[in-house]
Every structure is written in structure tokens, then in C-alpha cells.
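Student: Take a look at this one; I'll ask things after.
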Amino acid sequence: MPGVGTPRSMPAPMDAAKSMMLCLAYIVVSATLIRLNKYLMAKDRFPFSMFLTACHMFLSFALCAALYLAKPLAFLGVANCEGKKMLVMKWMAPIGVACAISLYTSNQAYMYCSVTFLQFMKEGNVILAFLMSCAVGLQAMNRVRCAIIAWIIAGSMMAVTGEVHFAFIGFVYQLISQLAECSRAVMGEVVLSGGSLKLDPLSYTLFVAPTCLAVLIVGNAVTWDPTIPGAFAMWWPYIVPSALLAFVLNILVASIIKELSAVDFMLAGVCKDIAIVLFSAAFFREVVTSVQAVGFIAALGGVFFWSYLKAAPDSAAASFAARLLQMPLEDCKVPNEKTSLMPSASSTKFEAAEAATSAQSVGSTAASGGIPPRPRS
């Protein structure tokens, strides 16, 4: 798998089929988990998002650990991390924190907002992931992309402001969740496909789960409710399947980010949002106003035009957009997010920092006779 800064060739038919199957599985599993969590988070059922999220992560860690003990050869990324403990912690700590924040706030938002409204908000994930990729040097901004960003934001704002039962606290929870989720996706792309770690999805989940679980344990200590054990005894037949789906979803998310990119993962999320909105409106009678429908369609149009520019950068539409904004066609192209646009600054900085951290870890361990040095106070 090419690292950050290495262009990827066009996928072979088998690679394309594999990517499509991963995205389809992600859509089905994620949509099912969202509806199940929404059901559980009702105030008269199991409205304890911190504990529910901790159950999800505990089972993910337990299953990954059991699989590693049974078949360690399936965790190829673990071998790549030998002698790189400090480097692993440097990445896994922020990813685990972002994961915990994303999962908790996402589940908490179900208590205040409809599933349809939350999917409308998630249309902005593509833009958030792109802007974060720009910040770390995986992408660069130009006038065409700025115009598409404005297009998607305008549509998303129409969909959000058209909500009949708007709850500001639910909006805030969901916004925090999306910021954390996009941060996790961009950092995950670096450790899954770039630098010196190049983890596989199972190894990535094995490393992230305990860090995320530790954050959630602290959160449970702060938000503990004495009624949780009784509610868990009543609703565990739903909580356990929810946790199993969460484990499968964690593996699928890591696989998609590794095979494609953080932005492509968000684009797969857009297809999931469409399916959930249609399903929720048809079977759960969730209200979609005309303003929301127009905004949602407009945002989807912007997202799919973005995807079209990536798939056909020399098309007539790309040429028209470039001429309209008085840009050279070459600058209008949307490259693969795996391709670093600033190799001398960003990509080299990532690799140099990781190499320095790895060398420092190995050198310190060797100097202490194989015993890792004690941390400085």
C-alpha cells in the first residue's frame, strides 16, 4: 500500500469490486447500528450513551484480543510496530480520544434529534475531512473546491435550518461528533497507509480500542447513574448485538480508510445518509419538510459533483467549472487524497517525525538493556 506522498494507480477490477463491497457492507452495518442505537437511547429504555459506548469498545477490544491470541498472523501491523512503542502511542492516544468523543456525542445526539436530521448534518463531513486533509498537507485548496464547498454548505444549512423540531443541544452534540470523527479519519489514514506504521484494520482496532475504552471508563466514572445496572439487565439482549455491530463497523471503517482515503470514507457515508433518510421517512414516519428536501438534494448534488471531478478530471463539466472560475484545467482536478500536494513539507515532515520518534524509542530501550526508560516528570 503506498504511503502518504505516493500516487496510487487506478484500481484493477478486483480492487474496485472489493472497494464497492466494503462500502456496501459499511452502509448496511452502519445504518442498522444507527437505528438500533436510536431505539436504545429513548428515555424509557437505555439512555446512557457513555455506558453504551463503553460496552461497544470493550467488546471490540475483547474480540480483537481473542483473535490476536488465536491467530496472531492475521495482525500483520503488530509486527511492524516492534520497537516503535512511543510512535504507536503518539498516534493512538489522540485517535482513541477522538474516537471516544465521536461515539459518545453521536449516541447522545439521538436523545434530542431525529435520525433524519442527524444525517442531514453529516453531509458536511466531506468538507470537514477535506479541510483537515488540507491542514496536514494531503490536499490543497483552489477556487473550484471553494465553490463546491460553498455549494455543499449552503445545501446543508437549508436542510438543518428547515428542521421542524430543532434542538440546539442535539445540534451541538452532533457537530462535536462530526469534528471528532473527521479528525479520527484523517489521523487514521496516516497510520493505516502512510509513514512507518502502515497498520492493517485488525491491528489498528486492537491499538485504538484500549485507548478509547480508557477515556470512556473515566467518562463513566464522572457520569455514572445508579440505575444503569438494572437497565442493563433488562436491555442486554439489544446491547450485545449493538456492540457486535460496532465491532464489525470499526473493522469496516478502518478497511475503507486504508483501501481508499478519509474523504472517500466520508463519501461512502453520504450514500449511507441517503439510504437512512429514505428508510426513516418511509418506515419510521420521520418528518422531512420541503426546505429540508431541497437542501438535502442540493448538498448531495455538490458531493456527487465533487466525486465526478475526481473520477473524470478531464470531462466537459470540469473544463466548464475551470473556465467559469478562470482557472487552468490542471488546477481544477481533484487528486487522490493519498497523493501529498506538499511532499517537501508535509509528507517529509510526517515521515521524519515518525522516524525520529522510532529511533529515539529504540535507542532508549537499547541503552537501558532492553528495559524501556522511565518517563520524565
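The values are calculated or read from the model by the stated rules, or taken from the named source; none is laboratory data. The shown structure was predicted, so the numbers you read here are calculated from the model rather than taken from an experiment. Every residue, glycine as well, gets a Cβ built from its backbone with ideal geometry; the counts of neighbours run over all protein chains shown. Side chains included, ligands, DNA and RNA excluded: accessible areas come from the protein's heavy atoms. Shrake-Rupley method; radii C 1.70, N 1.55, O 1.52, S 1.80 Å.
Student: Within segment 92-116, track down each residue that is among the small types (Gly, Ala, Ser) and either assigned to a helix (DSSP H, G or I) or free of Cβ contacts under 8 Å to residues at least 12 places away in the same chain (or both).
Tutor: Ala93, Gly96, Ala98, Ala100, Ser102, Ser106, Ala109
Student: Something else now. Say we look at segment 249-302 and pick out the residues that are open to solvent by 20 Å² or more (accessible area, probe 1.4 Å), assigned to a helix (DSSP H, G or I) and of a type in the set (Val, Ile, Thr); which of these is farthest from Phe117 (Cα to Cα)?
Tutor: Within segment 249-302, the match that is farthest from Phe117 (Cα to Cα) is Ile251.
Student: Can you confirm whether segment 122-131 contains a residue that is crowded, with 21+ Cβ neighbours inside 10 Å, within 21 Å of the chain's Cα centre (by Cα) and within 27 Å of Ala221 (Cα to Cα)?
Tutor: Scanning segment 122-131, I find no residue that is crowded, with 21+ Cβ neighbours inside 10 Å, within 21 Å of the chain's Cα centre (by Cα) and within 27 Å of Ala221 (Cα to Cα), so the answer is no.
Student: Residues in segment 45-91 that are outside any helix (DSSP H, G or I), touching a Ser or Thr at 6+ places or on another chain (Cβ under 6 Å) and modelled with pLDDT of 85 or more: how many?
Tutor: 1
To keep it simple, each residue is scored yes or no on (1) surrounded by 20 or more Cβ atoms within 10 Å (Cβ to Cβ); (2) over 24 Å from Phe46 (Cα atoms); (3) under 14 Å from the mean Cα position of the chain (by Cα).
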residue	(1), (2), (3)
Phe75	yes, yes, no
Asn80	no, yes, no
Leu87	yes, yes, no
Trp91	yes, yes, no
Val97	no, no, yes
Cys113	yes, no, no
Thr116	yes, no, no
Gln119	yes, no, no
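Student: In the list Ser242, Ser177, Ser193, Ser203, which residue meets the criterion of being under 16 Å from the mean Cα position of the chain (by Cα) and more than 17 Å from Ser133 (Cβ to Cβ)?
Tutor: Sole residue among the options that is under 16 Å from the mean Cα position of the chain (by Cα) and more than 17 Å from Ser133 (Cβ to Cβ): Ser177.
Student: Give Val172, Val164, Val191, Val160 a once-over and let me know the one that is open to solvent by 30 Å² or more (accessible area, probe 1.4 Å) and at pLDDT below 85.
Tutor: None of the other options fit; the residue is Val164.
Student: Under 6 Å by Cβ, and 6 or more places apart or on different chains, what pairs join a residue from segment 126-138 that is on the phi > 0 side of the Ramachandran plot with one that is outside any helix (DSSP H, G or I) and surrounded by 24 or more Cβ atoms within 10 Å (Cβ to Cβ)?
Tutor: That search, which allows pairs on different chains as well, returns Gly137/Ser340.
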